[in-house]
Amino acid sequence: MRRLTPEFMIGIGVFVASMLLCAPFAIYVQWIGDEGILLHGAAQMLDGKFLYADFFEFYPPLGFIVTAAWLKAFGASILSFRLFSIVIIAAVTTLTYVACCQASRRPLLSAVLALAWVEMSQGHVTQVNHHYLATAFSMLALVGALRGDARGALIAGLASGAAGMVTQTRGALAALASIAALGLHRRTWFFVVGCAAIPVLCLVYLAATGTLIAAWDHVIVWTLTQYAGIQSVPYGAAVKLRTFPIVASIPLALALGVALALTSREARGDYRLRVCFSFAVAGLLGAYPRPDVWHIVFAAPLAIPLLAYGLSAFWSRLGGRLRMATAVLGVVILLPSSVGYTGMVRLMANETVEETPAGAGMFLEDDVAAVATAVHALPAKDGVFYYPYMPLMPLLAQRENVANLDVMTPGYTSTEQFLDVCRQVAGRANWVVYDTQWADPKFLETPFPEIAGADFSAAQRFEGMIKNVFTPVAQYGRFQVMKRRAASGPEVCR
C-alpha cells in the first residue's frame, strides 16, 4: 500500500472542508431561474422526453445527462439538488488545490487559496449550474496538462472534451489552453484523441435519439445568433467587498505571471508557468460575454494555480520582515470575506424553512413556496405554463410546463419562439403562473443593461394573448396564478 503523503491528506481535508463550508446552504434556494435549466431539462429527460426535440435547450448534452443520472439515483428534491451542487463545488475546490500544489509545490498555500474561493463565493451561488460542471472538467484538464507527460495529455484531452459538452465556450477555451501549454509534441496526439472521445460519444447519443439536427440548431445556430445580444456587463459587475478578492484574482494572477516572465529567465522557461498562464487566460475569456461577479466566481479557479505559482515565486524572494508584512496583508484581504460568510451562515440560521412539493427549503425570494404549493394543488389533468423566467418552478411544484421553452426574454428569445410557445399555451394550458417582476421591461434593465435596445414587440403580443385568454385568480406577491377564461386555439397567436 502506498504511503499517504501529507499533500494527499491535506487534499482530503480540503474536500471535506469545502463540503462543510457549503453545508449551511444545503436547502437554500437563492433564485428560481438559472439553477432550473439543467435540473428541469434532466427531469424532462427522465420523463421520457428527448433533449432538443421535445424541449428547447442551447447547452450541449453532457450536463443534462450527468444531472439526469443524479436525479435518477437521488430523486428530485431540494436537498438532492443542493447535494449535487455541493459535491461538484467540492470537486472544483479539490482539483484547484491539486493544481495549485503542482504549480507552487506549497500544499498549505494551495489549501488556503482553494478554500478561500469557497468561503468568498458560497451562499448565493451554491446552486446547480453548468458553469460549475464545466469548471470541474476544466480544472481536471489543467491538472492533466501540468503533469506534462502522455498520460497527462490524455487526461487533459478527455476533460477538455467533457467541458465542451457541458458549456461550449468553456470547453473550447480549456482545449486551446491545453494545446498552448503542451505545444507541438508527440504527447499532443494523446490530447487530440482524448479531446475527441466524449464529443464523439455525445454525437452517437444524439444520433441514436434522432436529435442531431435539432441539437445543431439549438446549440450552435441559436447560440451564435441569439445568446450574446443582451448579456454584456462591465467586468466585475455586482461585486461586493466579500467577493472583491475573487474578481481581482484573475487580473492579479495574470499580472504576476507577466511580471515573472519579464524578470526571471528561470520562470520564463518553466513549463508550469506556461500551463498556468494559458488556463488563467482561458478563465478570463470564459467569464465573457457576461463577466459579472457570479461568472467570475465560476471562472476564477482556472487562474488560482497561476496566483499560487506567482505568490510562491515572489515569496521566496522576500526577506523575513516583508514576508511577515505580506502574510498580515493576506489576512486583512481575506477578513471581509470571512465576515461576509459568517453573515450568510447567520442569515441561514434565522431563515424560515418552508415546505414545497419538492421538500423543505429556504427561499431568498418571497412567495416561491406558496406558489409551488398552490400550483401542485391544481387539478392533475390541467396544463400549467410558467412565464417568463422560472425553470426551477416546475420541479418545486412537481407540475410540468406545457410549453417546450422555460426561459422567455426579449432580445434573447426569438420572435419565432414566442410565436411557437404562444400556440402551445393557447392550445394546452389551463393555468399560467405569471411573474410580473421578470415581465417588467424596466426591471430587466437591471440584470440585462443591454436589453434597452431590444425589440419587445413579440413579448408584448405574447403577453397580450395571455391577458386576453387567462384571468388572475390568485396573487402571491409578484406572482399571479391565472386561469383560462375563454376557449381558444392557435388562431389567437396570428
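Readers should treat all values here as calculations from the given coordinates under stated rules, not as data from a laboratory. None of the values given here were measured: they were computed from a predicted structure. Cβ: placed from backbone, ideal geometry, glycine included. Neighbour counts: every protein chain shown.
Any chance you could check the Cα centroid distance between the stretch 42-105 and the stretch 1-30 for me, in angstrom?
18
Find the relative contact order for the stretch 222-365 and round it to a whole percent, using C-alpha pairs within less than 8 Å whose residues are 6+ positions apart.
Computed value for the stretch 222-365: 28 percent relative contact order.
Quick one: grab the alpha carbon gyration tensor of the stretch 370-493, order the square roots of its eigenvalues as a ≥ b ≥ c, and give me rounded if a/c is under 1.5, else prolate or oblate depending on whether a/b is larger than b/c.
oblate
Which entry is the computed Cα extents along the principal axes in Å for this structure: [x] 79, 51, 51; [y] 134, 47, 37; [z] 76, 60, 48?
Correct label, based on the coordinates given: [x].
What order do you get for 428, 478, 317 when you list them from fewest to most C-beta neighbours inside 10 Å?
Least to most surrounded, the residues fall as 317, 428, 478.
Among 358-369, 92-103, how do they line up from the highest to the lowest mean number of other beta-carbon atoms within 10 Å?
Ranked by mean Cβ neighbours within 10 Å, highest first: 92-103, 358-369.
Calculate how many DSSP beta bridges within the stretch 370-493 are antiparallel, expressed in % of all such bridges and rounded to the nearest 5.
For the stretch 370-493, the DSSP antiparallel bridge percentage is about 65.
Can you order the peptides 331-342, 53-64 by their average number of other Cβ atoms within 10 Å per residue, highest first?
The most tightly packed comes first, giving 53-64, 331-342.
Could you give the distance between the Cα centres of the stretch 451-483 and the stretch 315-371, to the whole Å?
The two parts, judged by their Cα centres, are 37 Å apart.
What is the order of 295, 124, 131, fewest Cβ neighbours within 10 Å to most?
Going from least to most buried by this count: 124, 295, 131.
Under a straight-distance cross-link criterion of Cα-Cα below 18 Å, which lysines are reachable from residue 467, leaving out those fewer than 8 residues away in the same chain?
483
With each pseudo-label sitting 7 Å past Cα toward Cβ, what's the residue 471-residue 491 distance in nm, one decimal?
Calculated label separation equals 2.2 nm.
Where in the stretch 411-428 does the amide nitrogen come within less than 12 Å of the point 7 Å from the Cα of residue 217, taken along Cα to Cβ?
Within reach of a label on residue 217: 416-417, 420.
Would you mind putting 244-252, 42-50 in packing order, based on average other-beta-carbon counts within 10 Å, highest first?
244-252, 42-50
Between the stretch 376-422 and the stretch 280-307, how far is it from one alpha carbon centroid to the other, in angstrom?
Result: 32 Å between the Cα centres.
Could you tell me what percent of the DSSP beta bridges with both partners in the chain are antiparallel, to the nearest 5?
Roughly 60 percent of the DSSP beta bridges within the chain come out antiparallel.
Write out the cysteines belonging to the chain for which the nearest other cysteine Cβ is not under 4.7 Å, or none if no such cysteine exists.
So far as the 4.7 Å Cβ criterion goes, 22, 100, 101, 195, 202, 276 stand without a partner in the chain.
Normalised by the residues of the chain, what does the relative contact order come to in percent, with Cα pairs under 8 Å and at least six apart?
Answer for the chain is 17 percent.
Before rounding to the nearest 500, sum -39500 (n - 2.57) across all DSSP H runs of length at least 4 in the chain and divide by the residue total; then give [θ] at 222 nm in deg cm²/dmol.
Rounded to the nearest 500, the figure is -19000 deg cm²/dmol.
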